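Below: one structure, written as structure tokens.
What follows is calculated from the coordinates using simple rules that are stated; it is not laboratory data. None of these values were measured; they are calculated from a predicted model.
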């Protein structure tokens, strides 16, 4: 029997509502205890999924799970939307199988089939939007770190400008609040209030 590949199999279409159901257990598995809100939006020409949560993993960590559940891609360099099919199985989740419709070198196979149970699918969700919110407690923890590593007083207000040379300063008028945001992008909020910062 010949091997099933993205070029030999026919993708099964999966409606966005079903995609949302499939995604929830895939999010719970790597991030136990985190409450995710998964909502779908339908509009003329397509649909999307909005995912929201508080603290917990970073947006980048969640995107690693959700990326393959969206069927649309966008190349901003040439203002072009193109498409993707994915492999899916309940055990391993989704992985991008192939992209097509680009026409400028980005078409073709991406990842191989994860296992014999994986099915080639086309998810109805064009795009997935991940939005992470920060609790007051987590925001305060990050602010303490920003102030300390910037050589500021421990009670410096959130709207106080960061000193020149701060690790968290990108623009001259950046404040502690801006530094907190930049630190949060790469900081995971772990259970029991601990944190883990990635490079």
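Rounded to the nearest 10 degrees, the angle from helix 136-149 to the longest Cα principal axis of the chain is 60 degrees.
Given the DSSP H assignment, sum -39500 (n - 2.57) over each helix run of at least 4 residues in the chain and divide by its residue total; what's the result at 222 nm in deg cm²/dmol, nearest 500?
Numbers: 4 runs with 45 residues, N = 199.
After summing the helix terms and dividing by residue count, I get -7000 deg cm²/dmol.
For the stretch 1-139, the antiparallel share of DSSP beta bridges with both residues in that region comes to about 70%.
Summary of the geometry: the stretch 169-194 and the stretch 6-45, compared by the centres of their Cα atoms, lie 29 Å apart. Once the Cα atoms of helix 16-28 and of the chain are each reduced to a long axis, what angle between those two axes, in degrees from 0 to 90 to the nearest 10, is obtained? Value to nearest ten degrees: 50. Assign one of three labels to the stretch 135-197, namely rounded, prolate or oblate, based on the Cα gyration tensor with a ≥ b ≥ c the square roots of its eigenvalues; rounded applies when a/c is under 1.5, prolate when it is not and a/b is larger than b/c, and oblate otherwise. Prolate is the answer for the stretch 135-197, as a/c is 1.5 or above and a/b outweighs b/c. Computed on the chain, with alpha-carbon pairs under 8 angstrom and 6+ residues apart, the relative contact order is 21 percent. Looking at the square roots a ≥ b ≥ c of the eigenvalues of the Cα gyration tensor of the chain, which shape do they give, rounded for a/c under 1.5, prolate if a/b is larger than b/c, or oblate? Judged from the Cα gyration tensor, the chain comes out prolate (a/c at least 1.5, a/b above b/c). In the calculated pair-distance distribution of the stretch 86-157, the portion above 15 angstrom amounts to 71 percent of the Cα-Cα pairs. Compared with the dominant principal axis of the Cα atoms in the chain, helix 176-185 is inclined by about 30°.
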